[in-house]
Amino acid sequence: MNKASVIGLLTLMSISSSAMAAYTGPQEQNKVSVAQLKDLADDSWATLEGKLVKHLGGENYVFRDASGEVEVEVDQDVWRGTEVGPDDLIRIRGEVDHSWNKTEVEVKSLEKVGAAPQSKGGFVAK
């Protein structure tokens, strides 16, 4: 193989590996705490682990982790038949919504991470 062929092959390999580095699609969301939500940009995505501790009515709940509480909105289709009680550890992924006086999370996915024994008063999708 002559030098020109080797240089051409190396250039082609370099171009193909550069193309792979240009990926701009969805990335794994970083897990954050409720306290860290205030530092995220509006409309950014967040993953949190904690518990739904109170139903505020409609699709609104209070979510709590070790750092604090935040109001979350869980649309009916997000539940997918999952039953969640206030003692169940869950993981939620959603969009951060900062308004002038509070921060909320619009939940796009919800899953149980661990479950405590069944308790009365849990939240269930109807």
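Overview of results
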quantity: Accessible area expressed per residue, region 38-117, with surrounding protein chains retained (probe 1.4 Å, Å²); calculated: 54 Å²
quantity: Stretch gain in nm, segment residue 75-residue 62, where the contour uses 0.36 nm per residue and the Cα spacing is subtracted; calculated: 3.3 nm
quantity: From phi via Karplus (6.51, -1.76, 1.60), per-residue ³J(HN,Hα) for region 80-94 in Hz, x at Gly/Pro; calculated: 6, x, 6, 9, 10, x, x, 9, 7, 7, 10, 10, 10, 10, x
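The values are calculated or read from the model by the stated rules, or taken from the named source; none is laboratory data. Note that the structure is predicted; figures quoted are calculated from it, not measured. Please note that ligands, DNA and RNA were not included when accessible areas were found on the heavy atoms of the full protein model with its side chains. Shrake-Rupley method; radii C 1.70, N 1.55, O 1.52, S 1.80 Å.
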